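**Student:** What follows is a structure written as structure tokens; I'll ask about it next.
Laboratory data are not the source of any read-out in this text; all were calculated from the coordinates shown. The structure presented is a predicted model; accordingly, all values stated were derived computationally and were not measured. Please note: Cβ atoms are built from the backbone with ideal geometry, for glycine as well, and neighbour counts cover all protein chains shown.
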Ligand code: SF4
């Protein structure tokens, strides 16, 4: 069982296995290779745990936890999920494809991690 926050439920689907720091990349590959069911969590998740910006909250930039929280809430609202929900990874895919255009408008336009993703 993997634990992921809202926006990572989406972003991990489009992750490219290059363009990021090796240790982080490796951790994402490990998660992806064993993912079958996910529990939706709030705040720091399994991906954040291996990220250098994890300070107990997202410390990527000033107010980043707040901004990331907005992405998480938007993702969960559009996917029809809540914190604590368990869902199979395979059941998530069609939900993501239904909302991906809205997601691109809301989240991808200004995302600094675009180089690591194939959306
Ligand atoms: S940048 Fe922030 S939200 Fe993204 S993985 Fe790192 S700690 Fe988590």
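**Student:** Restricting to Cα pairs below 8 Å that are 6+ residues apart, what does the relative contact order work out to for the chain? Please round to a whole percent.
**Tutor:** Worked out over the chain, it gives 37 percent.
**Student:** Could you work out the helix-only [θ] at 222 nm for the chain, with each DSSP H run of four or more residues adding -39,500 (n - 2.57) and the total divided by the number of residues, to the nearest 500 deg cm²/dmol?
**Tutor:** About -13000 deg cm²/dmol.
**Student:** Once you put a point 7 Å from the Cα of residue 112 and another 7 Å from the Cα of residue 32, both along the Cβ direction, what distance in nm separates them?
**Tutor:** In this crude spin-label approximation the distance works out to 2.2 nm.
**Student:** State the extension gain, in nm to one decimal, for the chain segment bounded by residue 23 and residue 91, taking 0.36 nm per residue of separation less the distance between their alpha-carbons.
**Tutor:** Roughly 21.6 nm would be gained on extension.
**Student:** Quick check on the exposure proxy: order 89, 103 from fewest to most C-beta atoms within 10 angstrom.
**Tutor:** Ranking 89, 103 by Cβ neighbours within 10 Å, fewest first, gives 89, 103.
**Student:** Let me check the size of segment 53-107 from its C-alpha atoms; what are the radius of gyration and Dmax in Å?
**Tutor:** That works out to 12.9, 35 Å for Rg and Dmax.
**Student:** With a 10 Å radius around each residue's Cβ, average the other Cβ atoms per peptide and rank 45-53, 108-116, highest first.
**Tutor:** Sorting 45-53, 108-116 by mean packing, highest first, produces 45-53, 108-116.
**Student:** To check you understand DSSP bridge types, tell me what percent of the beta bridges within segment 2-108 (both residues inside) are antiparallel, rounded to 5.
**Tutor:** Once the DSSP bridges in segment 2-108 are tallied, antiparallel ones form about 50 percent.
**Student:** A further question follows. Using every alpha carbon pair in the chain, what percent of pairs falls into each 5 Å bin from 0 up to the bin containing the largest distance?
**Tutor:** 2, 11, 23, 26, 24, 12, 1
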